[in-house]
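**Q** Before I ask anything, here is the structure I am working with.
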Amino acid sequence: MSDERKLAIICSKGSLDMAYPGLILANAARMMGIEADIFFTFWGMDIITKDKVDHLKVVPVGNPAMHMPQFIGGLPGMTDMATSMMKKEIEKLDVPPVGEFLQMVHDAGCGLYACKMASEMMHLKREDLVDEVDAILGAMEFLEKAEGAQLLFI
Amino acid sequence: MTTKELNVTLDAEGFMTDPKQWTPEIAEVMAAEEGIAPLGERRWLVINWVRAEAAKTGEFPSLRGISKNSGVETKELYELFPKGPAKKIARCAGYGKPKGCI
């Protein structure tokens with residue numbers, strides 16, 4: 001595999017179904033020897049926030065892939081049901097829960113960075129974020145880090 | 001010795017197509033080509049575990065499966081098999097290119 005190839009992923013969404021694609025791609029990149037970094041910003045901050053990481057949800061409302069009338073998706077308990085169904089299916093595939101996944105990609109050498117502006121906006125300090133986060137960076141600092149990388153916005 | 005001189009069938013990317021043809025000597029030749037020779041005790045632990053697991057389940061294990069159950073964790077796997085552990089482990093263990101996502 002080419003030594004120069006590099007992947008930079010921006011995770012901007014904090015739902016369970018938006019957390020996995022970035023983590024899976026970053027991990028796949030590392031498994032094949034490609035450098036990988038993830039930058040978490042806006043709602044993506046939930047993925048690396050200590051008291052949120054284990055409580056990410058799949059929200060049926062506004063999601064046409066759920067193939068159900070919108071009003072049903074909005075009924076009480078539907079979000080929890082969709083969430084627990086997805087967690088079960090993910091577990092069957094031997095894919096770890098998000099918290100453990102962060103640790104795995106980090107051990108695999110993937111850099112994990114929190115957005116400085118989003119941290120300030122959400123009043124999150126370093127100690128509010130999971131231990132695996134390497135640093136809180138400004139957008140320009142992350143772009144410097146991502147120089148020459150293939151960039152993916154999720 | 002190079003992998004081409006071994007008496008085994010390889011695919012275009014240098015993976016063995018029949019794990020039954022594997023011998024420990026092949027693992028060392030593959031390792032040399034991958035720049036990780038000699039294999040040493042820890043890499044052998046991984047290769048032996050992977051071969052036993054694949055023989056048991058009929059499928060090449062995921063990297064996560066290896067890190068969880070072989071006794072060698074993720075960080076060390078990446079140190080032992082740098083720049084693409086999944087591929088290097090599969091080659092040394094005599095299996096085809098791993099297709100799993102995890």
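**Q** Please find, within region A:32-44, the residue that is nearest to the other protein chains (Cβ to nearest Cβ) out of those that are touching a Lys or Arg at 6+ places or on another chain (Cβ under 8 Å) and among the aliphatic types (A, V, I, L, M).
**A** A:Met32
**Q** While we're here: Filter region B:54-70 for residues that are in a helix (DSSP H, G or I) and either within 12 Å of A:Asp94 (Cα to Cα) or touching a Ser or Thr at 6+ places or on another chain (Cβ under 6 Å) (or both); which is farthest from the other protein chains (Cβ to nearest Cβ)? Explain how you work it out, then say what you get.
**A** Residues of region B:54-70 that are in a helix (DSSP H, G or I), as a first pass: B:54-57, B:63-69.
Adding the requirement that they be either within 12 Å of A:Asp94 (Cα to Cα) or touching a Ser or Thr at 6+ places or on another chain (Cβ under 6 Å) (or both) leaves B:63-68.
On the way: B:Leu63: 6, B:Arg64: 6, B:Gly65: 7, B:Ile66: 11, B:Ser67: 7, B:Lys68: 9 Å.
Here the residue is B:Ile66.
**Q** Residue by residue through region A:14-42, note down the ones that are surrounded by fewer than 18 Cβ atoms within 10 Å (Cβ to Cβ) and farther than 21 Å from B:Pro85 by Cβ.
**A** A:Asp17, A:Pro21, A:Phe42
For (1) out of contact with any Pro (no Cβ under 9 Å at 6 or more places or on another chain); (2) crowded, with 17+ Cβ neighbours inside 10 Å, each residue gets a yes or a no:
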position: A:Gly62; (1), (2): yes, no
position: A:Gln70; (1), (2): no, no
position: A:Gly74; (1), (2): no, no
position: A:Thr83; (1), (2): yes, yes
position: A:Leu112; (1), (2): yes, yes
position: A:Met121; (1), (2): yes, no
position: A:Leu129; (1), (2): yes, yes
position: A:Leu143; (1), (2): yes, no
position: A:Glu147; (1), (2): yes, no
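**Q** A:Leu151 fails exactly one of the following numbered conditions: (1) hydrophobic (A, V, I, L, M, F, W, C); (2) within 24 Å of A:Thr41 (Cα to Cα); (3) surrounded by fewer than 17 Cβ atoms within 10 Å (Cβ to Cβ); (4) modelled with pLDDT under 95. What is the number of that condition?
**A** Status for A:Leu151: all satisfied but (4).
**Q** From the list A:Asp51, A:Asp37, A:Asp107, pick out the single residue that is touching a strand residue (DSSP E or B) at 6+ places or on another chain (Cβ under 6 Å), modelled with pLDDT of 95 or more and of a type outside the set (Phe, Trp, Tyr).
**A** A:Asp37
**Q** Here's another thing I want to ask about it. Name every residue in region A:97-132 that is of a type in the set (Gly, Ala, Ser) and more than 12 Å from every other protein chain (Cβ to nearest Cβ), in order of residue number.
**A** If the condition is that a residue be of a type in the set (Gly, Ala, Ser) and more than 12 Å from every other protein chain (Cβ to nearest Cβ), then A:Gly99, A:Gly111, A:Ala114, A:Ala118, A:Ser119 are the ones that fit.
**Q** So, one more: Among the listed residues A:Ala114, A:Ala118, identify the single one that is part of a helix (DSSP H, G or I), under 17 Å from the mean Cα position of the chain (by Cα) and not hydroxyl-bearing (Ser, Thr, Tyr). Full working, then the answer.
**A** On the way: A:Ala114 fails: part of a helix (DSSP H, G or I).
Being part of a helix (DSSP H, G or I), under 17 Å from the mean Cα position of the chain (by Cα) and not hydroxyl-bearing (Ser, Thr, Tyr) holds for just one of A:Ala114, A:Ala118, which is A:Ala118.
**Q** Moving to a separate point now. I'm trying to understand the selection: among the residues of region B:77-88, which are surrounded by fewer than 16 Cβ atoms within 10 Å (Cβ to Cβ) and part of a helix (DSSP H, G or I)?
**A** Scanning region B:77-88 gives a single hit, B:Glu79.
**Q** Please go through region B:1-25 and pick out each residue that is aliphatic (A, V, I, L, M) and not in a loop (DSSP other than H, G, I, E, B).
**A** Those that are aliphatic (A, V, I, L, M) and not in a loop (DSSP other than H, G, I, E, B): B:Leu10, B:Met16.
**Q** State the number of residues belonging to region A:57-96 that are farther than 12 Å from A:Ser15 by Cα, part of a loop (DSSP other than H, G, I, E, B) and in contact (Cβ under 8 Å) with a residue 24 or more places away in the chain.
**A** Count: 1.
**Q** Looking only at region B:89-101, how many residues end up being buried (at least 18 other Cβ atoms within 10 Å of the Cβ) and at the interface with another protein chain (Cβ under 9 Å from one of its Cβ atoms)?
**A** Of the residues in region B:89-101, 1 are buried (at least 18 other Cβ atoms within 10 Å of the Cβ) and at the interface with another protein chain (Cβ under 9 Å from one of its Cβ atoms).
**Q** Quickly run through region B:29-51 and pick out the residues that are surrounded by fewer than 17 Cβ atoms within 10 Å (Cβ to Cβ), within 12 Å of the chain's Cα centre (by Cα) and either of a type in the set (A, V, I, L, M) or farther than 17 Å from B:Val72 by Cα (or both).
**A** Answer for region B:29-51, where residues must be surrounded by fewer than 17 Cβ atoms within 10 Å (Cβ to Cβ), within 12 Å of the chain's Cα centre (by Cα) and either of a type in the set (A, V, I, L, M) or farther than 17 Å from B:Val72 by Cα (or both): just B:Leu45.
The values are calculated or read from the model by the stated rules, or taken from the named source; none is laboratory data. The model shown is predicted, which means the values in this text are computed figures rather than measured ones. Cβ: placed from backbone, ideal geometry, glycine included. Neighbour counts: every protein chain shown.
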